Every structure is written in C-alpha cells, then in structure tokens.
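I have placed the structure first, in the form of structure tokens, so that the comments after it can refer back to it.
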Protein chains: 2
Amino acid sequence: MKWWGWGEDGSEQPSLPAQGAAMLHDELGLGDRYLPPVPIEQVRLPDPVLPEGVLARLAGIVGEEYVRQDRLARVRHTAGRSYPDLVRLRSGDASAAPDAIVCPGAEAEVADVLTACDSAGVAVVPFGGGTSVVGGVEPLRGGFPALITLDLRRMIRMIDGDRTSLTATFEPGVLGPRAETLLASRGLTLGHFPQSYEFATIGGYVATRSAGQASTGYGRIDELVLGLRCVAPAGVVETKALPASAAGPSLRELLVGSEGTLGVITEATLSVRPLPEERRYEGWSFRSFHEGVEAFRAMEQAEASPDVARLSDEEETRLSMAMASSGSTAERVGKTYLRVRGHEGGCLAIIGFEGDSKEVSRRRSRARGMLRAGGAIQLGERPGRAWLRGRFAGPYLRDALLDRGVFVETLETATTWSHFEELYRAVGGALRESLSGRGTPPLVMCHVSHLYPSGASLYFTFLARQEEGAELEQWQAAKAAASDAIVTHHGTITHHHAIGQDHVPWMAAEVGELGVELLRAAKERLDPRGIMNPGKLLPPA
Amino acid sequence: MKWWGWGEDGSEQPSLPAQGAAMLHDELGLGDRYLPPVPIEQVRLPDPVLPEGVLARLAGIVGEEYVRQDRLARVRHTAGRSYPDLVRLRSGDASAAPDAIVCPGAEAEVADVLTACDSAGVAVVPFGGGTSVVGGVEPLRGGFPALITLDLRRMIRMIDGDRTSLTATFEPGVLGPRAETLLASRGLTLGHFPQSYEFATIGGYVATRSAGQASTGYGRIDELVLGLRCVAPAGVVETKALPASAAGPSLRELLVGSEGTLGVITEATLSVRPLPEERRYEGWSFRSFHEGVEAFRAMEQAEASPDVARLSDEEETRLSMAMASSGSTAERVGKTYLRVRGHEGGCLAIIGFEGDSKEVSRRRSRARGMLRAGGAIQLGERPGRAWLRGRFAGPYLRDALLDRGVFVETLETATTWSHFEELYRAVGGALRESLSGRGTPPLVMCHVSHLYPSGASLYFTFLARQEEGAELEQWQAAKAAASDAIVTHHGTITHHHAIGQDHVPWMAAEVGELGVELLRAAKERLDPRGIMNPGKLLPPA
C-alpha cells in the first residue's frame, strides 16, 4: 500500500468528479490549496533503538530477510489509515515509527518472537493489513524503550476448507480478496466485505470484531468465527471450532475484538457459505430518511431483509448524486421522475440479494413488497450496479479530498430502533456544532447499513474545510463531540471500527469501570508484562 | 417443586404406560423393586451453622420473612435435578443443605447480601428455578464454614417490553411461563422452551447459556441476550443493551454462562418476537438416522430449517413408539404403512414451524420438499401434536423410572457435521461399554435437536438397571466414559446443560489450561474472596 494513503503503491490517484468538486468547493468554502504528501525522503524518522542482541535473536527466529528496518518499511508501519494518521504521514511525520518490522512465517515463530520481546521488554504491535481507522496499529511504546511491529503478511494459508460443515480455517495474514479466491476454488465464500476489503486481513477482521457491507445477510465476523487460536506471551489459548457450546463464558468472544492487546490471533475457523449463484442489487427511493428507517425496521423484523441493505439520509443522497452526476439526459429524466413522485430531495436505498437463484427471486419479491408498502419507489438495477462498482472507493476518494484541504472523516455507531432518531440527531448536531463553532461548518451525512431485529448501525461521514495548522485539534474536537453524543444517547462507541487508540477515552462509558477492570484482568493473565499493543483498547490504569 | 423430584408439590406422579414398562422390565432385566423417596421427616439434615450476627444482618437487608431455615426450604435447596441429586434426595441425604435461604426483593438487596457474605466469609449459591441437571446449585462450601442459597423467586418483574425494538428486560427470577404470559399481553414471545421450561427462570437461562427446543428457529439464549446487569462482590457490571458493537471483547459473553461464579445476573434484556400467528408441527420418517442427519444438514445449510427440528435415532424411535403405543387399529395400519415403504425400524423426525401464517406456509412447503428429497416420508400432524403435548414430560417420567430402580440419565454435546458420525458412535459406544462392563447393559438413544450451518447437537438418553447400593458409582463411571469420549471426538462437553459441578473435570479439555486461567482471572477480579458458587464451572486451582 502507498505509505501516505490508500491503494497499491504506484497506482493512480482517482480524481474528484468536476461537478462534485465544484459543489464542495462552494459549500465548504475551500480555498485553492493543493497539499500533496511530502516525498518519502523528507519524512522525519528517528533512528531505530532496538538493541543488537534482540535484533539478532529476532532474526534467528524468523530469518534475517524478515526483519526489516529500512525507511519505507518503517514509514509504512508508522500508522494505520485514520484521518489523523494521514494528516501526520502526509506532512512527513513518522516520529513514532517502529524500530523494526518482524514477519513470522508460522505460529511457532510468533510464539518465539513474543517470548523474545517479553523477556527483552520490547513492545509488540500486531499488524495485518494496517487499515485501522481508529489508531489500532500505532506504534505506541507504553513505557517500553523499543517496539517492533509484527507483520503477519507471510501467514497466508487456508489451513482447511470443509464443504461438509461449511467452515474454513485461515492463517491471520490472508487478505480479503485472497480468502475469497481460495474459497471460490472450492465453491465457497466468506461474504465479508468491509470497505477496507482489498487490504484488510482475516486476522484483522477477527481482532477488530469487524462487520462487512453484506453483514446484514452474511453476519458480522463475530457471528462467523467458530474457533480460533491466539498466541499470547503467557501461552496459547485455543477455543474449539464448534457450532455452539454451553461450557461456561465464551472465551472466543473474549479474544474476538481483543485488538492485539491480549495476543496474536494465529488461526481462525470461520463459517462460510456456498458461492452465490446470483447477485441482484438495485436502488430504491424514500421520501425521507425517517420513512426509510421505518420501512427497513419493518422489513428486518419480518425477517425479510436483503443481504445488503443501505439507506442514505437526505444529505448523503444529495452529495452522492452530485458526485456521480454525469449531466446526461437520462439523469435529467430520472430527476424529473423523482420530483413528480414527491421524492425530490429524498433518500437513496441500495438493496442487494445473493444466493441460490430461486431464493434470491423469492426473497427479493418479498422485500420489494415491504419496501413499496413502506413508501419506496424503485429505481432499477443501475444504482445497485453503480454502488457495487464503487463500494470500495471511499478511502481512495479521501486522498483526493486531502489534497484539496478537506477535513473528511467517518464514524459509526449502533443503537436500538427506539433510540435511533435520538442518536441520529444528537451525533449530527454535535458535529455541526463543534465544527461550525470553529468556523468550519461541515456537511454531515449518514447512512444505515446493518440491520438487526432490535436496531441498526448509523454511519456518519462529514466534511469541512481543514483548519490550516490546526488539523489535528479540529479533528480531536469533532471526534470528542460526536463520541460524547454517542455514549450519552444510547449508542455504542463503535459498531465495527473497533476501539484502537481513538476510542479509548470512551471505553469506560461503554463498558463501565468494572468492565474495564475485567478486560485488564484478562490482559494481565495473558500478557503480564504488558508488551502487547500498548495504549490500545484499555484506558491507562 | 417437589423436594425429591419434578413437578409441583402435591401433583400426581405420572405413571409409565403398561406396554413400555413391560418392555423396559424385560430389556433392562429389572426386578420388582419399588423404591419411593423417603418421607421428608426422615431426611438427614445437619443443623445450620450461620452465625447469629450474619443471620440478623441478612434479615435486616431482605426482611426477616425472607430468610428461611426450615426443613422443607433447606431440603429443597440442597440439590438441583440431576440424576445423582435425585438419588441422594430420595434416599434422604440432605447433608449438604445450605444454612439459610435468602430471598432478595431487588438488585440493591442482592448487592447488600453479597457484601455481607463477602465480609463474613459466607459462600453464596445463586438459585433460580433449581432445575440444573449438572450440579449447578449444589451447596458446595469451597472451604467456607457457612453457606446461603440466594433464591431469586421474588425478583419477577418485566422491567420493560419494547415493541419497537422487539426487546424485553426481565428480573432474573421470572419463570419461563410467566415470561411468556407477560410478553403475550404485549403480543410478544421469547420462544425459549427448554425441557425445564415450567420451572426454569430467565436468570437461569442466561447464567447457564441455555438452549430451548425451538432454538433452531428462535436462537439460543446467548443469541437473544442484548445486555445484562450482574452484581458481583466487587460491584456491578453492566453491558449495554445494543444490537451489536465492536467495542473490544464481549463482556456480555463473559457473563452469559458464568453460572453464578462471577456474580448474580439481576437484569437481562432479551430479543423477543411477535407472537406467532400460527404453529404447525408434524412428523416425518427416515429410513435411517444417517439419512435423516444428511437431510437435516442439507435443509439447514440451505437456510430452509423449521423452528423446531428433531430427529430421533433408531433406538429412540423404537422406545418412544413403545412408550406411546395404544395398540389401536390406526397404529397397526400406520406400522404396516411404514413397513411397506421400507421405513420399519426407521427414525422419527418432528418438524415445527411458528410465525406469520403466510411465511409458515411458504417455509413449510420448502422444508417438506427438502425432507422428501432427503428420503423422508410424512406422517402427518398427529405425531407433531403428540410431541408438543409431551414436550416437557421427560423429567416427570424420570421420577416414575427411579421408583422402579431404573438408572436414567441424559447428556448432550454438539459438533461439526464432519465429526457428527464419529462423535455419535463414540459416545454411544462408551456408554454401552461402561455399563455393560458393570453388568447393567443399557439402552442408549440419541436425537438431534439443534441445527447450525456448521453442525448440530446430539442429545443422548440412556437407561439401565440401577446398581443397588452403587447407584452413584455406576453413574460416575458412565458419565466419565461418555465425557471422555466427547472431548476426544471433537464434541463440546455441553451444548446446553452448562458445566455446573458435574462437567468440571472436563473443563480444561474444553478450553485449555490457559483458558481456565482466563476464567479464574475474571473471577478473581469480580469475586476476590471466592464466595460465589464455589466448586462450579472452574477446576480447583
């Protein structure tokens, strides 16, 4: 991946569509700044401080070629892909860089590396795809003088793919697309498509309790993990790959979402499905977000939901229309149609079905009936196909916006249906208030993309003019305002981005002081010295 | 409940059907023993040893009338409803009785009771319906001189029932039928029907990670819990009632299944559903268990499962037919029909659908197609209705068998489809070998009753002639043989009965030594002195 942004190294930067760019320019009051990342040679990087003896010991475990200390490797492992990460990297700040990047080839090597680091007092940051947007892979030293990043890119085997039980066992470094390719050769799919899919790993999915765009249908990763192995400084924890058990508390659920703070997930057995025979995606329009949310609730509670169900609010619909605008006749005709039906200024929904053809057809017909009953009108398959094409585009677009001095950030939460409207208003209000108060009034958009019988996720995207010279303070203020609103108004601090570093201040509000103590107790048992991913997940004691 | 068995105090003992009784008599080689429980006056009960000061303090918290030390109350709280429990009780052994039974009326009282017991060094056994079949409510003192049982029977409120989010919040002492009545008044149902339903509580469901007969459709209790409150000696842990979260490890899943060893669950918010418009139950026949298992797997993996799906093996089918036999003409005609179709000696399946009428009809038609394709023939709704009528009868019948000197026990496990046959053979073989080796060859039956895309549960029932004077040794040997087979052949030591006392020796095989350490770490943080339900769940340190 590019060291300063999203996409493969050397790949072309996607540009903003002209009409959308002009609109943003006007509405955010942008200047004509062009702010590319500094060249890699100008990145400020401290000298590595790992003692020679430790370095030699690590090289002895994984092989000399798999311990890297070169500039590019160190810069690449300095940050994840959050907004503050990119702000720092683009400005040339890699002052937090790890002292070395160590790439183990097997579980036994992971164990030996942890033992070596534990005895030498070296902090360890497990690293999959490095796509965290919450500071999950930041090299925070937590009081240790040295730090390595443990990159799992060599552990990319599918250990087992079982068509009888519909399960597959992976090593942690398998990237999303590789997992799908390996599974597809056996007629299987995991169906897990977070926006980071192209660069995220199986281990990362599990360690961060991830959800994908099709999780309404395929299930969140925590619903798909049957068993796993986790190597900690204190030893290996293995939870059996079983469909269900009543053998006490679920240790699997203690390791899923542990974000590298308890140990390194070295194996995960996941539920998989037959490759879908058919995929049908289509667009619908609601007159209002409120109307759409009610229709989605009715559909979900009747067990009639599609596999992908997304509903943009009025502002997200307006902006994404502008970004996708071609100015064609067909588009003008479409807009007229929506106006005539009272849907001008309405909300776009994307509905997708995957599976056996007959079932797709049956489920689709049922869901369509419920959408119509809920006030929606159909827009055909074109918006569905467009969404599928662009489903991983967000992070690329962000780089283009950063070039122009746009503060662009996303955050997400979930709550019960009863608290949905309250939370929606509170978070949007907090963001607008915080950023307007700083003289950079934002555009705030929201969509629903994961449905549950008891509630749904809310995913906010907001844009504002960057405060020159105070980019991080601006971000911090907006993030704090939104997070305070979330925990006050019955939301979870994160529905699928994890805690990382950025959400730590709200962890006690999320699980309570004694809840935090319980997590600490687990950490002390598995990682007594505290070398594993310091500063993440848990508030300082 | 009767102090010595199942059913309401004073209710009539159900008798064994004559034909079934005769068959058991012959096949198990029973004598003519009749072994009723001893009268309550003859039960051996030690004097309570709770210091006066503690007693007064407890009475001050909950009220004098809610601290009981009378014979009946103490005997009733001496045991759950496992086979060894009943053997001991019926013989008049209540030597383990608690020193007092304390019934708090609210969460604050629970907290105060725990504080009092913690400071006085008194062990506490949380008690819901007392229906544990694995020794979960045994008054084990764990080195403490005194012990109270904390009976939650007064905490029976539905705190909230939310039709918008389809959630309901209960206090822990609400019995299964009361929960359904409270929910039904709002048009809702929990749909959780373990065999112990009539006497089990919401708190017990959650504390033991229970599954019900309709859990294939409605979901296990761990899938239904959104949030809970748990009072521990160290304070209160609350997990928010949310549809989903990625805020680190799931503490909810650490408390669900904690079996009173971490604290007392004082509130649980559960997903509920609209009351079903329609219920359709019917019987089907497969030529063999193997054929039926394959058909069930295909149905489940195609997402075509009914809400209740049960498949008896050949032996269970034969015995339940004999037990239900009326000798009528209709029955003889039915048997001829099965023989002609090659299903004589086959396997009975019960399939049940609940919900919206249109959906029941649609789902039923799809499942029926798959059952037929899998080789089944339909037996109509009569067997379905008969099963529904008798679904909670098992434990009553057990009392009648104990009267006649029958060793009758159940145990259950789950595994992936790939290991199903291996586990089925191994457990059945272990039971037959163990009991035949003692001169009491058993009848061993099995059914599948919970389906998952990756596997299924196996529920074994076995009967043998009791070894007079060595009833507990006989049980211990059979239990150990079966449990060893389970953990060796890829099963979980329990799919829905929990660990309690009886499964503790297999806990390390289930979760590993380090897994046990993790559970201990949680216990030490919430219950530093170790007063909560000693001897359960965790192996001795």
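For this structure, a couple of remarks:
- Residues of segment A:355-387 satisfying the condition of being within 28 Å of the chain's Cα centre (by Cα) and surrounded by fewer than 17 Cβ atoms within 10 Å (Cβ to Cβ): A:E381, A:R382, A:R385, A:A386
- Only one of A:G248, A:G257 that is within 12 Å of chain B (Cβ to nearest Cβ) and under 19 Å from the mean Cα position of the chain (by Cα): A:G257
- Among the residues of segment B:170-202, the ones that are within 26 Å of A:W417 (Cα to Cα), open to solvent by 10 Å² or more (accessible area, probe 1.4 Å) and within 12 Å of chain A (Cβ to nearest Cβ) come to 0 in all.
- Checking B:A22 against (1) among the hydrophobic types (A, V, I, L, M, F, W, C); (2) in contact with a strand residue (DSSP E or B) (Cβ under 9 Å, 6 or more places away or on another chain); (3) under 21 Å from B:P442 (Cβ atoms), the condition it does not meet: (2)
- Which listed residue is more than 10 Å from chain A (Cβ to nearest Cβ), among the aliphatic types (A, V, I, L, M) and either under 30 Å from B:G5 (Cα atoms) or open to solvent by 30 Å² or more (accessible area, probe 1.4 Å) (or both), from B:L262, B:L275: B:L275
- Residue within segment A:489-499 that is aliphatic (A, V, I, L, M) and not in a loop (DSSP other than H, G, I, E, B) present: no
- Summed over segment A:226-242, residues that are over 16 Å from A:L262 (Cα atoms), open to solvent by 30 Å² or more (accessible area, probe 1.4 Å) and of a type in the set (A, V, I, L, M, F, W, C) total 1.
- Filtering segment B:66-92 to residues that are open to solvent by 40 Å² or more (accessible area, probe 1.4 Å) and not basic (K, R) leaves B:Y66, B:Q69, B:D70, B:L72, B:S91.
- Some residue of segment A:268-286 being closer than 23 Å to A:V516 by Cβ, touching a Cys at 6+ places or on another chain (Cβ under 9 Å) and touching a residue at least 40 places away in the same chain (Cβ under 8 Å): no
- Single unsatisfied condition, A:L28 versus (1) without any contact (Cβ under 8 Å) to a residue 60 or more places away in the chain; (2) buried (at least 16 other Cβ atoms within 10 Å of the Cβ): (1)
- Restricted to segment A:284-320, and to residues there that are surrounded by fewer than 21 Cβ atoms within 10 Å (Cβ to Cβ) and small (G, A, S), the residue that is nearest to B:V272 (Cα to Cα) is A:A302.
- Of all the residues in segment A:123-139, those that are open to solvent by 10 Å² or more (accessible area, probe 1.4 Å) and in a strand (DSSP E or B) number 2.
- Counting residues in segment B:184-205 that are of a type in the set (A, V, I, L, M), part of a loop (DSSP other than H, G, I, E, B), under 19 Å from B:D502 (Cβ atoms) and under 13 Å from the mean Cα position of the chain (by Cα) gives one or more.
- Cβ pairs under 7 Å, 6+ apart, first in segment A:13-24 and in a helix (DSSP H, G or I), second open to solvent by less than 40 Å² (accessible area, probe 1.4 Å) and modelled with pLDDT of 85 or more: A:L24/A:L30; A:L24/A:V406; A:L24/A:L463
- Residues located in segment A:31-65, provided they are surrounded by 14 or more Cβ atoms within 10 Å (Cβ to Cβ) and among the charged types (D, E, K, R): A:R57
- Residues that are surrounded by fewer than 16 Cβ atoms within 10 Å (Cβ to Cβ), within 17 Å of A:L30 (Cα to Cα) and at pLDDT 95 or above within segment A:442-480 comprise just one, A:A470.
- Selection from segment B:486-502 of residues that are touching a helix residue (DSSP H, G or I) at 6+ places or on another chain (Cβ under 9 Å) and either at the interface with another protein chain (Cβ under 7 Å from one of its Cβ atoms) or open to solvent by 10 Å² or more (accessible area, probe 1.4 Å) (or both): B:V487, B:T488, B:H489, B:H490, B:T492, B:I493, B:T494, B:H496, B:H497, B:A498, B:I499, B:D502
- Selected residue (criterion: farthest from the chain's Cα centre (by Cα)) from residues of segment A:211-235 that are touching a residue at least 40 places away in the same chain (Cβ under 8 Å), under 25 Å from A:Q301 (Cβ atoms) and in a loop (DSSP other than H, G, I, E, B): A:G219
- Residue-level check: of (1) in contact with a Gly (Cβ under 9 Å, 6 or more places away or on another chain); (2) crowded, with 23+ Cβ neighbours inside 10 Å, A:C117 misses just (1).
- Members of segment B:53-89 that are in a helix (DSSP H, G or I) and either modelled with pLDDT under 95 or hydroxyl-bearing (S, T, Y) (or both): B:Y66, B:Y83
The values are calculated or read from the model by the stated rules, or taken from the named source; none is laboratory data. Small disclaimer: the values here were computed from a predicted structure and weren't measured. Note that each Cβ is placed from the backbone with ideal geometry, even for glycine, and that neighbours are counted across all protein chains shown. For the accessible areas, the whole protein counts, side chains as well, though only heavy atoms, and no ligand, DNA or RNA atoms are used. Shrake-Rupley method; radii C 1.70, N 1.55, O 1.52, S 1.80 Å.
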